[in-house]
1. Identify, from the list Leu95, Leu91, Leu108, the residue that is within 15 Å of the ligand (Cβ to nearest atom), among the aliphatic types (A, V, I, L, M) and not in a strand (DSSP E or B).
2. Which of the residues belonging to the stretch 210-250 are modelled with pLDDT under 85, part of a helix (DSSP H, G or I), open to solvent by less than 70 Å² (accessible area, probe 1.4 Å) and within 14 Å of Gly68 (Cβ to Cβ)?
3. Leu73 passes all but one of (1) assigned to a loop (DSSP other than H, G, I, E, B); (2) closer than 17 Å to Leu231 by Cβ; which number fails?
4. Kindly indicate whether Val115 is more than 16 Å from Gly12 (Cβ to Cβ), open to solvent by less than 40 Å² (accessible area, probe 1.4 Å), within 16 Å of the ligand (Cβ to nearest atom) and touching a Leu at 6+ places or on another chain (Cβ under 6 Å).
5. Is it fair to say Gly190 is within 16 Å of the ligand (Cβ to nearest atom), within 30 Å of Gly79 (Cβ to Cβ) and open to solvent by less than 60 Å² (accessible area, probe 1.4 Å)?
6. Residues that are out of contact with any Leu (no Cβ under 9 Å at 6 or more places or on another chain), near the ligand (Cβ under 10 Å from one of its atoms), farther than 16 Å from Ala97 by Cα and open to solvent by less than 30 Å² (accessible area, probe 1.4 Å): does the stretch 170-177 have at least one?
7. Here are the criteria: (1) open to solvent by 90 Å² or more (accessible area, probe 1.4 Å); (2) touching a residue at least 40 places away in the same chain (Cβ under 8 Å); (3) part of a loop (DSSP other than H, G, I, E, B); (4) more than 10 Å from the ligand (Cβ to nearest atom). Tell me which single one Pro181 does not satisfy.
8. Looking only at the stretch 193-212, decide whether some residue is among the charged types (D, E, K, R), away from the ligand (no atom under 15 Å from the Cβ) and at negative phi.
Amino acid sequence: MVPPRVDVLGVGFDRVDLAGATEAVLARLARGERTFVITGNPEFVMLARRDPSLAALARDADLVVPDGTGIVLGARVLGDPLPGRAPGRMLADLLAAQAARDGRSMYLLGAAPGVAERAAQALGRRHPGLRVVGASAGSPASAEDAVTTARIAAAAPEILLVAYGMPLQERWIARNLGALPSVRVAIGVGGVLDQLVGLGTVPPGIVHAVGLEWLWRLAREPHRWRRQGALWVYAYLVLWTRIASGRRRS
Ligand code: UDP
């Protein structure tokens, strides 16, 4: 039996770290099951709290993994810890490595015009043998869905990385996965295509090791202050929920 997800302020997270997430996706692939993966962070949780349709989308996703430190810490404080982080950037890279070994095909969708195509070349260089069967910017707007899905369906990839940022990429996948019969794994990857072409920077290993990616990103991209305001509300709510549940128990 699959254990229930860890509830972090209303969003359920699967009990996996990076290795567990990779293993779960590969096991589902081997069984021929289709997998919609969400890599959730505190910002996603806060969005889902305000928007029941996003919360429902997360409930229905096949795998919801903790993208970073915020969720792992939150789960620990709330008393039902997760085994570790599964950053989308690393999960996408491990899936690409395995796809190269298994001969599985990949399609990169999203980011600014021209970026996905360059990211495909970069990913191919990083994982020799990887079959990237297509790449395009497309558009997260639903009016463009038919054109974009026809293009992807023609390329018939097994793995689809979607880079429209949260929550547009998750909504895009939820709306369109049914129209893409070849796709076995679909995952929203945020700024990963930008990082592959050097437009977005990857945190140094030490920053990742100490779990301060969010602070590092904030320092490099100060325009995120407004968006990351959600992080402080999240931290407050986690602590408040913990205190309130302690009171109920005593
Ligand atoms: N993006 C896009 N179309 C949009 C909005 C965003 O292609 O309408 C792309 C953007 O170019 C970038 C990625 O989505 O490559 C968002 O990256 P970000 O790091 O902001 O992701 P998040 O942290 O929001 O998941």
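The values are calculated or read from the model by the stated rules, or taken from the named source; none is laboratory data. Fair warning: this is a prediction, and the values are worked out from it, not measured in the lab. In this analysis, Cβ positions are derived from the backbone assuming ideal geometry, glycine residues included, and neighbour counts consider all displayed protein chains. Note: areas computed on protein heavy atoms with side chains; ligands, DNA, RNA excluded. Shrake-Rupley method; radii C 1.70, N 1.55, O 1.52, S 1.80 Å.
1. Details: Leu95 fails: within 15 Å of the ligand (Cβ to nearest atom); Leu108 fails: not in a strand (DSSP E or B).
Leu91 is the lone residue from the list that is within 15 Å of the ligand (Cβ to nearest atom), among the aliphatic types (A, V, I, L, M) and not in a strand (DSSP E or B).
2. Filtering the stretch 210-250 for residues modelled with pLDDT under 85 gives 210-229, 246-250.
After this cut, where a residue has to be part of a helix (DSSP H, G or I) as well, the list is 213-220, 222-229, 246-249.
Now drop any that are not open to solvent by less than 70 Å² (accessible area, probe 1.4 Å), which leaves 213, 216, 218, 224, 228-229, 246.
Within the stretch 210-250, Glu213, Trp216, Leu218, Arg224, Gln228 qualify.
3. Just one mismatch for Leu73, condition (1).
4. Values: more than 16 Å from Gly12 (Cβ to Cβ): yes; open to solvent by less than 40 Å² (accessible area, probe 1.4 Å): yes; within 16 Å of the ligand (Cβ to nearest atom): yes; touching a Leu at 6+ places or on another chain (Cβ under 6 Å): yes.
In short, yes.
5. On the way: within 16 Å of the ligand (Cβ to nearest atom): yes; within 30 Å of Gly79 (Cβ to Cβ): yes; open to solvent by less than 60 Å² (accessible area, probe 1.4 Å): yes.
Answer is yes for this residue.
6. Kept after step one, since they are out of contact with any Leu (no Cβ under 9 Å at 6 or more places or on another chain), are these residues of the stretch 170-177: 175-176.
Those left that are additionally near the ligand (Cβ under 10 Å from one of its atoms): none.
No, the conditions are met nowhere in the stretch 170-177.
7. (2)
8. In the first step, residues of the stretch 193-212 are kept if they are among the charged types (D, E, K, R); the result is 194.
Okay, now just the ones that are also away from the ligand (no atom under 15 Å from the Cβ), so none.
Within the stretch 193-212, none of the residues are among the charged types (D, E, K, R), away from the ligand (no atom under 15 Å from the Cβ) and at negative phi.
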